[in-house]
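Chemist: The structure under discussion is supplied below as structure tokens; questions concerning it will follow.
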Amino acid sequence: MKEIVLNHPMIEHKISILRDEKTSTKEFRELISEIGMILCLEALKDAPLHEVKIKTPITETIGKQIDENDYAFVPILRAGMGMVDGVLRLIPNAKIGHIGLYRNEETLEPVEYFCKLPKNIEKKTIILLDPMLATGGSGAAAITMLKKRGVKNIKFLSIISAPEGLKRIHEEHPDVQVYTAYVDEKLNENGYIVPGLGDAGDRIFGTK
Ligand code: PRP
Ligand code: URA
């Protein structure tokens, strides 16, 4: 499945502010959350609807709704947490799981340290959240962890993706649709996305 990229002048605008090293922690957090919400909106374009009877102040009519119970958001810790507020604005009743992974800075391989998922996870559509898709190691490992627990329907939201990471997800998990706000040029020798925005987790949590 080819990635779906948000091509929109407002996304270009917001991504440029995110990239700027002078952007404050507050504004950075707000933008990660907001772009997360926009990506989620795109990912829900094919959401199944059921009919509901409603009564407006004028008349009775039939409306359409999603089943919020069919969805769970799973942020990859830490940086994925920054997208949770935004996506919850779309599906406030979605369940939330957490996958803890960090990249070993020398090998760039993901190290798993936490996994707590909602019950009946295998019956839900999982919207996996991570603002950065670099080598793709963390994303691919998180998808494998979900699949081992029976999950079949996964959508991956990433704010900035490197071509290397997209290729890895497509090769290892061809069934997973990636939605990204921007595809950057490449990775540098330390596995950082170029031009990128630096370390997303550190910028969201103000740890550096
Ligand atoms: C960052 C980012 C991704 C990962 C991407 O997390 O949030 O999870 O790196 O890199 P990859 O595609 O090469 O695996 P990091 O490991 O820095 O942990 P953090 O979120 O706790 O800062
Ligand atoms: N993780 C980040 O936070 N930024 C990158 O550029 C690569 C991985």
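Chemist: Within the range 37-79, how many residues are farther than 17 Å from residue 177 by Cβ and within 17 Å of the chain's Cα centre (by Cα)?
Modeler: 5
Chemist: Next question. What tally of residues in the range 171-208 results from selecting those that are near ligand 2 (Cβ under 9 Å from one of its atoms), of a type in the set (S, T, N, Q) and either within 25 Å of residue 2 (Cα to Cα) or touching a Pro at 6+ places or on another chain (Cβ under 6 Å) (or both)?
Modeler: 1
Chemist: Ok, one more. Can you pull out every residue in the range 124-144 that is away from ligand 1 (no atom under 11 Å from the Cβ), surrounded by 21 or more Cβ atoms within 10 Å (Cβ to Cβ) and under 20 Å from residue 111 (Cβ atoms)?
Modeler: Once the filter is applied, which keeps residues that are away from ligand 1 (no atom under 11 Å from the Cβ), surrounded by 21 or more Cβ atoms within 10 Å (Cβ to Cβ) and under 20 Å from residue 111 (Cβ atoms), the range 124-144 yields only 143.
Chemist: Taking the stated definitions as given, is residue 150 at pLDDT below 95 and either open to solvent by 10 Å² or more (accessible area, probe 1.4 Å) or more than 30 Å from residue 67 (Cα to Cα) (or both)?
Modeler: No: the conditions fail for residue 150.
Chemist: Mind listing whichever residues of the range 138-150 are over 12 Å from the mean Cα position of the chain (by Cα) and either within 16 Å of ligand 2 (Cβ to nearest atom) or over 11 Å from residue 173 (Cβ atoms) (or both)?
Modeler: Of everything in the range 138-150, those that are over 12 Å from the mean Cα position of the chain (by Cα) and either within 16 Å of ligand 2 (Cβ to nearest atom) or over 11 Å from residue 173 (Cβ atoms) (or both) turn out to be 138, 140, 141, 145, 148, 149, 150.
Chemist: What single numbered condition from (1) at pLDDT 95 or above; (2) within 16 Å of ligand 2 (Cβ to nearest atom); (3) closer than 15 Å to residue 132 by Cα fails to hold for residue 5?
Modeler: Of (1) at pLDDT 95 or above; (2) within 16 Å of ligand 2 (Cβ to nearest atom); (3) closer than 15 Å to residue 132 by Cα, only one is false for residue 5: (2).
Chemist: Here's another thing I want to ask about it. How about the range 5-30: which of its residues are closer than 30 Å to residue 172 by Cα and in contact with a Leu (Cβ under 9 Å, 6 or more places away or on another chain)?
Modeler: Across the range 5-30, the qualifying residues are 6, 15, 18, 19.
Chemist: Considering only the range 117-208, give the strands (runs of 3 or more DSSP E) lying wholly within it that have at least 1 residues that are touching a Lys or Arg at 6+ places or on another chain (Cβ under 6 Å).
Modeler: By residue number, 125-129, 177-183.
The values are calculated or read from the model by the stated rules, or taken from the named source; none is laboratory data. Please read these numbers as outputs of a predicted model, since none were measured by experiment. All Cβ positions, glycine included, derive from the backbone under ideal geometry; neighbour counts span all protein chains shown. For the accessible areas, the whole protein counts, side chains as well, though only heavy atoms, and no ligand, DNA or RNA atoms are used. Shrake-Rupley method; radii C 1.70, N 1.55, O 1.52, S 1.80 Å.
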